[in-house]
Each structure stands twice: as structure tokens, then as C-alpha cells.
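Colleague: The structure follows.
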Amino acid sequence: MNPSHRYEELKAQVNFHNYRYHVLDAPIISDLEYDRLLNELKQIEADHPDWVAPDSPTQRAGSKLANRFEKIRHPRPILSLANAFGADDARAWLERIKKLDDRVERAQFVVEPKIDGLSVILHYRDGLFAQGATRGDGEIGEDITSNLRTVRAIPLKIPVDSDQKSVVSVPKYLVVRGEAFIPNKDFEELNRKLEETGEKTYLNPRNTAAGSLRQLDPQLTASRPLTLLVYQIVYSEGGEVPTSQWKVLEYLKALGFPVTDVAKRFDDLDSAIAYTETWNQGRDSLPYEADGMVIKIDDLTLAADLGFVGKDPRGAMAFKFPAREVTTTLNDIGVAVGRTGVLTPYAMLEPVEIGGVIVERATLHNFDFIAEKDIRAGDRVLVKRAGEVIPYVIGPVIDARSGKEKIYQPPAKCPACGETVEHFEGEVAWYCVNAACPAQLTRNIEHFVSRGAMDIEGLGIELVKILIDLGLVKDVADIYALNKDDLAKINEEMTRRRREKKPPKNPPKTAAKKEEAKRPEKLLTAIAVSKEQPLARLIIGLGIHNVGEVMASDLSQKFTDLDELAKATVEELMQIEGIGPGIAESIADWFSRPFNRQVLKKLKGAGVWPKSEEKTEKPEGKLTGLTFVVTGTLPTLTREDVKEFIEKNGGKVTDSVSKKTSYLVLGENPGSKADKARALGIEFLDEAALRTLTL
């Protein structure tokens, strides 16, 4: 999938799942599955920092609010944490922040449990509990003061012990953060009582706690066995508070707040990691659900000075617990075709319960994984729920084999369209590269008409789906065969669907009717205008695997039109800088497919056949003869800025790392390009070093 479309898709998915989790208290995916989506989104933003938009979920710590409560603006942002999934991730975190501040070398660390509950923000004025809120979107929360007052663990006045007044000073205004939850034993007892009375039981403690606090009846909240642990001072005025996390915990405890008794302070990260890992097995002894431990820099001044990556503070990270494992029978292996054409195998399992969830399907990652692990249909397999929910197969239990198991072979044909699938050298994924594959059609058309490709204004995803549902478009070339009658049908269908979703309260006004009537004409005009797009835009629109904006531009300069490009051999394609064997084979294979050739024939017949533009002389400069690849987020330059800077000084920017790459321009949060460049011995440059090359 084109990165810009994948980016938009990921934003929509993450925002949706934030809503399910934080607003409805009814998540439909696991924490790990969510983390993977969010991490992929962050990586795309690292590679394309100029794409980052205000609606990106990375620009906030939570999600949208429910409309049932008054809103409270937090005195400071209430942030989330970046995750580490093992000791190597944790050490990598430390190495990153060491480069930012020498004081990290001498830092101490505090380890605390990462409770799976609901974050709450408590406000105290002159020592009295004045207000309480949810985290909300990180900037604004929901006022749940009345409900929080029913939670007996929350002190209504601090310090609770009057004898502490002479020892502990209380700021005029103090805001603290804690995690509200229902202890495991109390949750089990609650469900037992509900079951006895024939009422619906709850699925897990986290959702039950969140739902209990975020409803309108405080009496119902009071009937739930809620408690909390407090761990952070968010804000204070009119008094001194500790600047050490360890001392903050002691201070909060002295004031009368409930504080964890499993927190410990360590002089080095390895000791903190070792302690954290002891809870991998000891987690069941905790009285609450926890999905990991949090490792924090003890010096809060240093932690604050380290700043943030997006909305994640650099001074702390969440060390996630490993998942639980079970064994069950792998009945068969199915294959799903994604919107990008990637074929993904999945396991059809004998239903098994993992952590309170019945699992019937699990991911098998990819076909190489199946081969490496020698996973066979009929095997007894070990299944994990990573991040506590998402299931995936670890491997077979070899000793349990009976001899009836069947060795698996990847499909030769796409299960959606029957076309031969392709596997490119150096890649794990198998693809269906048929431009007319029904499993990919919506995505292909959406990409083709996008702003970065043919830029057909007005042809959004809603219209695309209607075009396909009505059978008017079976490939991207069919767009140019649409006429007024077709678009009139589309208009009627769109209006019908919208009314079914939300019937209009009042008849549409005359102006609105006129605007609606003009829509087909405007769309036909936009389609006609798109025929004038340059060759590079059309190449991008075809959605050829591994061909992005830079590669499309290079191809459009090398070849006169698509006829000439279609005839290019792998060897000829490899003569273009930045194109290796894998990409060359991908391009050649796309043009060799009968379905794709038919699409090209239809495009040409419709007059969508641009010629390459005359080549312009590239400016000479200090970077002439040098080839650059850019990855990560730079301090001041966007992706477009750095490309323009390099080309203005005579250099060339390519999408992929190869032996021909002169330098890798490395920013924060780099992707896999950095690993490949390191393996090839390519020199890294930061933004300052890049500028120095031009002096």
C-alpha cells in the first residue's frame, strides 16, 4: 500500500480503537495489536514527518471523550508511555537517552507496577479533595468527582494523619495521578454474586472499573469494590514537592494516598530489569491485573529535561510482561488477502481458552515462519496471547505428532481472484499483484484517485465503494468510462445510503439540492482533468509494489511512456540508481500480468497515456555525485525540506538503501533502513552534519 494511504488508514484505525477502549470501555483488539498499529503509525511519521497532522493519535495521549460529563482541562498534559518488550528494548531506550544528556550515565531508576486500570486525576485545594477527572484525551478529561468520592481509598483530606502535618507540607493546590482498579479477588467475588442472582457477569477487571467510574449514578460506583494506587504529582502550587520519583512515592504515602508496596529503586538499569523480570512469573501474586512494570528515571528534573517523543516522555518506559501460552490442535491453515495484496496465513484452531478468552484463530505471521517452524495441519501447537489478548502460534509440539499431520505448501493462486501469486527475492511476504483483484479493488482505486497519484477530487472512499457495489468499476481504468448516467446512479445511491444511516430531520434546502445535482458534473470534470497528470503520477497510481514517489519520478525520466516501461527488462531496470534485483523483478512482474496489461490497454484507449517530461538539468553543487537516503525525524527539516535541500545542492535522494547509497541521513525514531545501512557500512549523518557537507 502507498505509505500515505497506509498512514491515513492507520490514523483511522488507531483513533477508532482509542474510542473503543477509552470512551466505550469495550476494546475489540488486544494491547499488543494496538501497540503494533501505533508503532507502525509512528514509524511512518518518523519517515514522513511532514505528514503528521493534528488528528494523528500520536499527538495526544488518549482519545475522544464521552458527552455525559463536564470537561476539565488538566493543568499539565497527562501522557502515556512507550513500550519495551524485553531487556534489549529497555537497554536500547537507555542508549538513546544517554546520547541526549550526560547525567543519564549516573541516573538511578525506580520500578513500579503497570496496573491495568483507569487513570484518574485528583485535585486538592488547601488539602481538601476538590475535583477528580479521567485522563480523557490527555489535555481534557471528564469530571467524575461525584463517583470518585465514593472510592474509599481516595483521601478527602490530606494529610490523612494529622500527626503528619508537622512533617509533610501540603501545597495550596496539588494535582496527583493514580490508577483506579478492582482487585482480582474482589472482581471474582463480584462476578460470583452476579452469577448467583442471574445477572450478567463482567469480562475483566479493567473494563469493569472503567465502566463503574464513568457512569452517571454514584450509588452504582459505590457498590463496586474500587480502589486505586497513586504514583505521580502532576502539578503543584504554593509549596514544595520532591524532585525524585522515589521520594514522591514516600511523600504521597505520607499524605495518606495508597501507594504500591512493590516499587523499588536501583542504581543501574540492569538491576531494574532483573527485578522487573522477576515479576514475569510472580505477576499472579499481585492483587491486581498488571501488564508489565514501569521503569522510571528517579531524578524528575532530569526526566523532564529529556523531553518527549511525540506524547511519550523519554524519562520512563513500560516494560511489558510476556504473554501466556497454551497448546491446542491446528485444524487447518487459511489464507487471507489484505488490501495491499499481501497473503497472510492464519491458524484455524480447536477452540481453546487463553486468559478468559476463547480463541479459534491465530496468526501464523507469514509463510517463511510456517516453513522454518515446520508447522503442519493437524499439529498440536503452542499458542500465545501476546499483550494478554492477541493470539499467535509459537510453533508445533513435535513430540505430540501422530504421523497424520500434513506438510503445508503456500498457495500458488490468490484465493480471492485465482491469479498466480508472487514472491519477491529478499522479502518475506507473498503477493497478489493483480490490479483487478476483488480483495484489493477498493484500496487500489482509493490509491489511484488520491492526491499523490491522479488526484481526482471528489472521488472519496464512500463513492469508491458505491462504484464497486454497483459494478460500474472493476479496475482503475473503468473510472474513465463513467458517464453522466452512471454518476446519476451513484448520486442516488449515495443519497439513499446517507438517509438510511441518518434520516434528514428537514427536507434538503434548494441550495443543497442544487449542489447535490452538480456533483456528477464536477466529478466528470475532475476525471477529465486527471488525464493531464504527468507520467510519474500515473506510475504512482498503478500501485506497483515498492514503487514510491521517488522511484516513480526516476522511472518517468528514464522511459518515454508506459509502453516503453512495460518492455523494460530486469537488467535494464537495475541500471537505474536505487533499483535492485527485488524491485526490478517487482516492476517487471507487474507489467507481465495479463490483467494488468488489460488495465493499461484500457487506460491508453481512454487517453490516459502521458509522456515523460523533458529532463531538466540538475543543479551542480557540493553534493553532486552523492546519493542519500533519509529516515527518521530531523530536528528542523521535514522530509520534503531535506529532499529539496539535497537536490538544490546537486545530490540525489532515493527511497531504498543500497551499495550505491553515499550517506544515510538519520533522524529520531529511524526505521529498518538504518539497520540495512549499518550492515552495508554506509556512513550516517545527522541534520547538522548534512548541512556541513554543503559548506
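Colleague: Given bins 5 angstrom wide, list per bin the percent of all Cα-Cα distances in the range 627-693, short to long.
Modeller: Distribution as computed: 4, 19, 34, 27, 14, 2 percent.
Colleague: Give the cross-link partners of LYS567 among the lysines, using a straight C-alpha distance below 20 Å as the criterion and excluding same-chain residues fewer than 8 apart.
Modeller: LYS558, LYS601, LYS602, LYS604, LYS611
Colleague: Okay, next question. With everything on Cα atoms, drop me the angle between helix 87-98 and the longest principal axis of the chain, reported from 0 to 90° to the nearest 10.
Modeller: In the chain, helix 87-98 runs at an angle near 90 degrees to the longest axis.
Colleague: Quick check on packing: order 480-486, 151-157, 280-286 by the mean number of other C-beta atoms within 10 Å, highest mean leading. Write out the running numbers ahead of the final one.
Modeller: On the way: 480-486: 13.9, 151-157: 16.4, 280-286: 11.4.
The packing order, highest mean first, is 151-157, 480-486, 280-286.
Colleague: Can you show me the helix-derived [θ] at 222 nm for the chain, built from DSSP H runs with n ≥ 4 at -39,500 (n - 2.57) apiece and divided by the number of residues, rounded to the nearest 500. Spell out each step's value before the answer.
Modeller: Values: 24 runs with 249 residues, N = 695.
Computed mean residue ellipticity for the chain: -10500 deg cm²/dmol.
Colleague: If amide H atoms are built 1.01 Å from N in the plane of the peptide, which residues on other chains or at least 5 residues away come under 5 Å of the amide H of ILE394?
Modeller: It is LEU382, VAL383, LYS384, by chain and number.
Colleague: Counting only the backbone N, which residues of the range 120-162 are under 18 Å from the spot 7 Å out from the Cα of LEU216 toward its beta-carbon?
Modeller: Within reach of a label on LEU216, which here means backbone N under 18 Å from a point 7 Å along Cα→Cβ, the range 120-162 contributes 142-148.
Colleague: With a 10 Å radius around each residue's Cβ, average the other Cβ atoms per peptide and rank 237-246, 658-667, highest first. Before the final figure, lay out the partial values.
Modeller: Numbers: 237-246: 15.1, 658-667: 18.6.
The most tightly packed comes first, giving 658-667, 237-246.
Colleague: Quickly rank 440-449, 254-263 as a protection proxy: mean count of other C-beta atoms within 10 Å, highest first. Show your work: numbers first, answer last.
Modeller: Numbers: 440-449: 23.6, 254-263: 17.7.
Highest-to-lowest ranking by the protection proxy: 440-449, 254-263.
Colleague: Now, a different point. Once phi is turned into θ = phi - 60°, what whole-Hz ³J(HN,Hα) does the Karplus curve with 6.51, -1.76 and 1.60 give for every residue of the range 569-583, x standing for Gly and Pro?
Modeller: Per-residue couplings from phi come out as 8, 4, 4, 5, 5, 6, 6, 7, 4, x, 9, x, x, x, 5 Hz.
Colleague: Right, something else. Which semi-axes, in whole Å and largest first, does the equivalent ellipsoid of the range 73-320 have when worked out from the alpha carbon gyration tensor as the square roots of 5 times its eigenvalues? Don't skip to the answer; put the middle values down first.
Modeller: Details: eigenvalues 178, 111, 53 Å².
They are 30, 24, 16 Å, listed largest first.
Colleague: With log10 I(q)/I(0) by the Debye sum over Cα atoms at q = 0.07, 0.10, 0.11 Å⁻¹ in mind, check [x] -0.53, -1.09, -1.30; [y] -0.61, -1.18, -1.34; [z] -0.43, -0.93, -1.15 and report the label derived from this structure.
Modeller: From the options [x] -0.53, -1.09, -1.30; [y] -0.61, -1.18, -1.34; [z] -0.43, -0.93, -1.15, the structure gives [y].
Colleague: Which residue, chosen from ALA336, TYR346, LEU382, occupies the Cα position most advanced towards the positive end of the dipole of the range 324-407, where the dipole is computed from +1 (Lys, Arg) and -1 (Asp, Glu) charges on Cβ about the Cα centre?
Modeller: ALA336
Read-outs: derived from the displayed coordinates by stated rules, not from any lab. Bear in mind the structure is a predicted one, so any value in this text is a computation, not a measurement. We place every Cβ from the backbone using ideal geometry, glycine too, and count neighbours over all the protein chains shown.
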